[in-house]
Amino acid sequence: MQKLFLVSCAFLWAAPALAGEEIIFAPPGDWVSEQSVDMDRDISNKEAGAVMMGMQQQLRFAQDSDEMFIGSQILIQTPQGLQTMGTLSIPWSPDVSTLIIHKLHILRGKEIIDILGNGQTFTILRREANLESAALDGILTAAIQPEDMRVGDIVDMAFTIRAHDPVLKGHSETMVEFFNNAPDTEFSLHAFWDDGSRMRWQKSDALPAPKITKQKNLTRLSQQLSGTSNLVHPDKAPARYAPVRTIEFSDFGGWNEISALMAPLYIEAAEIPPGSSLMAEVDKIREASNDPKIQTDLALTLVQNRVRYVYRGMNTGNLVPADALSTWKRKFGDCKGKTALLVAILAELGIEAVPAAVSTSRGDGLDKRLPLVGHLDHILVKANIAGKTYWLDGTRQGDANIDNIQIPPFHWALPVLIEGAELEPLNQQPLDQPNEFTDIWIDASAGTTLPAIIEIKSVLRGDGAIASKTVLEQLSAQDLDKALRNYWNGKFKFIELSDVGHHFDPESGEYRLTASGTTKLDWGWKGFRLDSARIGWAVDYEREDGPNMDAPVAIQFPHFSAHKLTMVLPHDGAGFSVAGEDIDTTTGNYAFKRVTRISGDELVMESSQRSLAGEISWTDAIAAAENITELSKSFVYVRRPYDYRLTPAEIAALDERKPETATDYSVRGNDYLDLGKFDKAIADFTKAVELDPEHAYAWANRGVTYAHMNNAPAAKADLDRAESIDPRVEVVFHGRAVLAQTANDIPSAIAALTRAIDLKAKNSWALARRADLYFSRGDYDSAMADAQTLLDFDPTSKAGAYYKAKSLSRMDRHQDALSFLDNSDPTISGDMEFQLIRAEIHVRMGDAERAREIYARIRNDAEESGRRFNALCWSLATVSFDLETALLDCNAALKLEPGQPAYLDSRAMVFLRQGRYLEAIDSYDQALEKSEDFAISLYGRGLAKLHNGDLAGGEADLKEAEDLQPGIAADFKDLGLERP
């Protein structure tokens, strides 16, 4: 509960009339009126450890001193609350204020226990609470631990802080803030000032209008609140829309009065005695260059790097700067002292420079507030060189070139001038060069299946560069190396790092981080995705209902990030292509650009996104949200030629291996098998069994290779031989499963796969194959069990995820399927197949709008992919949804890849669903011309013929299809397609 007093005492007066380090114990002043609080009322927040039931604040503004009375009543509800209230504390500054304590009572039912009257008293603690933050404020704390305090007690306390600041020359100011979300607190505020005072007040929008009355020669402002609700800051709104309950008081006529008031302090502090050590430093700068910009660079470097930062708030030091020579001799100072030092040096060099006060926390909207010295918590130097304004901050580090310094983000600055000045806007500008630039160079010329050489350079500019440099250069060489490697591994997980490095260029202000190593590029069916080409992001501008929900949206500004990727391609780039659109658009106060091109053997991609303003209206933000989100879904892929051939290096990687043992030959044979080079695989497996006739795996893998080559006799012979050597070799049963499935003997294929899984539990190949066979038979429980086993030992298994989601969907467990997809690995949930499953589920649930959204998103990403358009067409056809759209998708696929039997079959399915039987038969005919044993097309054509009245032709097709693929009738029935 200490914070309760601290927050209420956060008035920004600076010095007292009766300042001192001793606590005064006395009754309240005559101007304080007694306020009653109902202590017997019910409390809504019964879970809280302690609840403030009442808070009374009374302010008396006068020319000789200002006084603030605070009374509070806090109910202790739980043992935890008792622990929290165990020590009561009141901070005050003995140099600038006097603490007067009036009472400390414990209310226990009807009993009033006077803690101070019973002999206990406060202890004065002297401690620098912010010493670790380089701050010396001289604050004292009055602390007491009341004896015999119990759960159920009410702590009733009252005190006054009397303040007078000679620096303010009789001016009064403060800001009162009421607690947020305090439903059980009765607040009262009374403020008094003489009729002749220039006192003004201003409330925030969240407060009701206070009552203003006259009392003799005083004006009285009264505000009563019975509990406060929670105020919600509109999401992503600028800081000035932060919901607060505040009342500001000030007798300053304008900001110009504050400027003129503070100016003499800095004029006096910014004097350099002739012949001093500081003047010697000025002479060195003058001798180094006669260029004002270079002189300013050197002066700022001196203040930033040779004088460390320590806040000094003692002895009226929260407003008065230390003189320049003292700061230089101490080699430490706060923002005021450093500013006076820098202004003094620049003045001696003949460079125009003045202090300029800012607010780091209340800058946004400062022009709409009353003028209060307390709003200003930092001070800079405003320098003018050759007609250009520079904003210099002596508390920063690393600003070696003033041309690299950005306009600070404080919105407003108050130049401190003897004649006074008004607030001056700090209008930040869009960046003309990236503050984050990543340059990636990949040498993939050796081939897409081999590790590629990669070099990366990240260039940081502006505050990010200085902050990174400051942190990293404090580390030991070992810790620095570790930090750099963690940085790169966090950004690019696919790199095998070899070297890392860093370099700061003082002149440009650039901090360059470098890395090199190798990477295995993932060339999926769509190609290699250039992740650095991604721009935009998923925008969510949803806001809770409440005040200012239509406030503007704040934007990260100024910000400019850019990427460049250069990839050296195999085969001099022949046949490689780019899938993904170039972008040059402005939306939502962001400029997005991306261009990708292949020239010779190099692919070059450049992308950037740059903010153009600090905020955007709510209406425009909502309009731009969808555009920015859609941009984030626009990927760029580099695609290999359809008939990509291995490079000499890739072939050499296999051919140049020098197998010596049977196992060596068997391993290389497996690589050839994976590449589809069956002849070379057979040769290596044959060599392996020649060297070791008992090498069961070599026999088994040669049998699998023969099975893939449709050489059933040779495959069976090798598999039998392998099993005779070692019946525990699971690969034998892989081969038997391939043979059985080729022969359409599904039960035997499942049995073989089951035996393979029994021999090797984590057999992803066999589990995926068996799940597929179970699924095709309609045994969804078994398919899902295999899928779950795959996911248990590999959560990223796409086969496991596919068959689990698909099986749940087919079993009408729609919510379970959606929940599974929501919680699956991101590499799965974002895949096209799983998005199609999600869309199909929404169709089955009757949520057509959501289904169309998903289908449209996939369609927008289809680019130039016939396979993707066909997948859309087939998915829509299987669930009999938006069939005209499905037909367009099929036609798009066939336009890209004419004559593909699978695409013709999908189109025929759409016609079949639409009852356009002659067109379905024609499309099935075209598919079967390309693949005469395409069972699914035969069965579909048979159904179309039956519906069209060709009973004999239809039955013949159905029989032939069932002979080719037993169980196909069940598959069609599952889709709702049966004999008429």
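So what is the 222 nm mean residue ellipticity for the chain from helices alone, if each DSSP H run of at least 4 adds -39500 (n - 2.57) and you divide by all residues, rounding to the nearest 500 deg cm²/dmol? If you can, show how the numbers build up before the last one.
Values: 31 runs with 375 residues, N = 980.
The per-residue figure over the chain is -12000 deg cm²/dmol.
Using only alpha carbon pairs under 8 Å that are at least six residues apart, calculate the relative contact order of segment 849-902 and give it in whole percent.
On the way: 41 pairs, mean separation 17.8, N = 54.
Relative CO of segment 849-902 lands at 33 percent.
Which length gain, in nm to one decimal place, applies between E929 and E21 when the Cα-Cα distance is subtracted from 0.36 nm times their residue separation?
On the way: separation 908, 0.36 × 908 = 326.88 nm, distance 10.16 nm.
The E929-E21 span can extend by a further 316.7 nm.
What does the highest-first list of 158-164, 772-778, 899-905 look like by mean Cβ count within 10 Å? Present the calculation step by step, with values, prior to reporting the outcome.
Numbers: 158-164: 23.0, 772-778: 19.0, 899-905: 21.3.
Packing order, densest peptide first, comes out as 158-164, 899-905, 772-778.
May I ask you to compute the full-extension gain from D40 to E111, defined as 0.36 nm times their residue separation minus their alpha-carbon distance, rounded to one decimal in nm? Don't skip to the answer; put the middle values down first.
Numbers: separation 71, 0.36 × 71 = 25.56 nm, distance 1.36 nm.
Contour length minus the Cα-Cα distance gives 24.2 nm.
So what is the accessible area of segment 436-639 per residue, in Å², with the probe set to 1.4 Å?
Numbers: 9710 Å² over 204 residues.
Here the per-residue accessible area is 48 Å².
Say a paramagnetic label sat at a point 7 Å from the Cα of D235, along Cα to Cβ; which residues of segment 539-557 have their backbone N under 11 Å from it?
Of the residues in segment 539-557, 539-545 have backbone N under 11 Å from the label point off D235.
Report the relative contact order of segment 255-425, percent, no decimals, based on alpha-carbon pairs under 8 angstrom and at least 6 residues apart. Could the numbers behind the result be given before it?
On the way: 315 pairs, mean separation 53.9, N = 171.
32 percent.
Rounded to the nearest Å, what's the spacing between the alpha carbon centres of segment 613-691 and segment 251-311? Just the number, please.
What the calculation gives is 62 Å, centre to centre.
What is the distance, in nm, between label points placed 7 Å from the Cα along the Cα-to-Cβ direction at D758 and at K482?
Distance between the two pseudo-spin positions: 5.1 nm.
May I ask what percent, to the nearest 5, of DSSP beta bridges between residues of the chain are antiparallel?
Numbers: 144 of 166 bridges.
The antiparallel fraction comes to roughly 85 percent.
To the nearest Å, what is the center-to-center distance of segment 565-610 and segment 70-106, using C-alpha atoms only?
Distance between centres, Cα-based: 64 Å.
Return the FRET efficiency for the residue pair K368, A649: r is the Cβ-Cβ distance, R0 is 56 Å, and the value is rounded to the nearest 0.05. Write out the running numbers ahead of the final one.
Working: r = 67 Å, r/R0 = 1.20.
The formula returns an efficiency of 0.25 here.
Kindly rank 782-793, 529-540, 204-215 from highest to lowest mean number of other beta carbons found within 10 Å of each residue.
On the way: 782-793: 20.2, 529-540: 17.3, 204-215: 12.1.
Sorting 782-793, 529-540, 204-215 by mean packing, highest first, produces 782-793, 529-540, 204-215.
By a straight-distance test (C-alpha under 25 Å), which lysines pair with K760 as possible cross-link partners, with residues fewer than eight away in the same chain excluded?
Of all the lysines, those that pass the test against K760 - Cα under 25 Å, at least 8 places apart if same chain - are K716, K798, K804.
Exceeding 24 Å between C-alpha atoms, which entries from my cross-link table qualify? They are K469/K491; K945/K973; K338/K368; K236/K469; K103/K216. Please list the in-between numbers first.
On the way: K469/K491 18 Å; K945/K973 17 Å; K338/K368 29 Å; K236/K469 30 Å; K103/K216 28 Å.
Table pairs above 24 Å Cα-Cα are K338/K368; K236/K469; K103/K216.
Report Rg (one decimal) and Dmax (nearest whole number) for segment 604-674, counting Cα atoms only, units Å.
Just the Cα atoms of segment 604-674 yield Rg and Dmax of 25.1, 72 Å.
Once you have all Cα-Cα distances for segment 436-639, histogram them in 5 Å bins from zero and send the whole-percent values.
Per 5 Å bin, starting at 0, the Cα pair percentages come out as 1, 7, 13, 15, 15, 15, 13, 11, 6, 3, 1, 0, 0.
Which whole number in µm²/s is D for segment 255-425 by Stokes-Einstein, with the Kirkwood Rh taken over Cα pairs at 10 °C and 1.306 mPa s? Write down the numbers at each step before the final one.
Numbers: Rh = 16.0 Å.
It diffuses with D of about 100 µm²/s by this estimate.
Suppose R0 equals 45 Å; then what is the FRET efficiency for S819 and E147 from their Cβ-Cβ distance, rounded to the nearest 0.05? If you can, show how the numbers build up before the last one.
Working: r = 57 Å, r/R0 = 1.26.
In this case the efficiency is close to 0.20.
State, to one decimal in nm, how far the label point of E884 lies from the label point of D522, with both points 7 Å from Cα in the Cβ direction.
In this crude spin-label approximation the distance works out to 4.0 nm.
Classify segment 507-593: rounded, prolate or oblate, from the alpha-carbon gyration tensor (a ≥ b ≥ c, eigenvalue square roots; a/c under 1.5 rounded; otherwise prolate if a/b is larger than b/c)? Don't skip to the end; give the middle numbers.
Details: a/c = 2.68, a/b = 1.77, b/c = 1.52.
Prolate, because a/c is 1.5 or more and a/b exceeds b/c.
Relative contact order of the chain, please, whole-number percent, based on alpha carbon pairs below 8 angstrom and at least 6 residues apart.
It comes to 6 percent, rounded to a whole number.
So if we plug the beta-carbon distance of A591 and R979 into 1/(1 + (r/R0)^6) with R0 = 56 Å, what FRET efficiency do we get, rounded to 0.05? It would help to have the intermediate numbers written out before the result.
Details: r = 61 Å, r/R0 = 1.08.
The value I calculate is 0.40.
At 1.306 mPa s and 10 °C, plugging the Kirkwood radius over alpha-carbon pairs of segment 899-979 into Stokes-Einstein gives what diffusion coefficient in µm²/s?
133
With viscosity set to 0.890 mPa s and temperature to 25 °C, compute the Stokes-Einstein D of the chain, Rh being the Kirkwood radius across alpha carbon pairs; µm²/s, no decimals.
On the way: Rh = 35.7 Å.
D, rounded to a whole number, is 69 µm²/s.
Leaving out ligands, DNA and RNA, and with a 1.4 Å probe, what % of the accessible surface on the chain is carbon or sulfur?
Carbon-and-sulfur percentage of accessible area, whole number: 48.
Obtain the nm distance between the two label points defined at M709 and T87 by a simple spin-label model: each point lies 7 Å from its Cα along the Cα-to-C-beta direction.
8.4
What order do you get for 396-405, 968-977 when each peptide is scored by the mean count of other beta carbon atoms within 10 Å, highest first? Kindly include the intermediate steps, with their values, before the conclusion.
On the way: 396-405: 18.2, 968-977: 15.4.
Most protected by this proxy first, the peptides run 396-405, 968-977.
Working out 0.36 nm times the residue gap between E690 and H503, then minus their Cα-Cα distance, what length gain in nm do you get to one decimal? Show your work: numbers first, answer last.
Values: separation 187, 0.36 × 187 = 67.32 nm, distance 5.84 nm.
So the chain would gain 61.5 nm between E690 and H503.
Provide the per residue accessible area, probe 1.4 Å, for segment 899-979, rounded to a whole number of square angstrom. Don't skip to the answer; put the middle values down first.
Working: 3630 Å² over 81 residues.
Roughly 45 Å² per residue, with all protein chains present.
Per-residue HN-Hα couplings for segment 507-518, Karplus 6.51 cos²θ - 1.76 cosθ + 1.60 at θ = phi - 60°, whole Hz, x for Gly and Pro?
5, 8, x, 8, 10, 9, 10, 10, 8, 8, x, 10
The values are calculated or read from the model by the stated rules, or taken from the named source; none is laboratory data. Quick caveat: nothing in here was measured; it's all calculated off a predicted structure. Because the Cβ atoms are built from the backbone with ideal geometry, glycine has one as well, and the counts that use them run over all protein chains shown. Ligands, DNA and RNA are stripped out before the accessible areas are found, and what is left, the full protein with its side chains, is counted by its heavy atoms. Shrake-Rupley method; radii C 1.70, N 1.55, O 1.52, S 1.80 Å.
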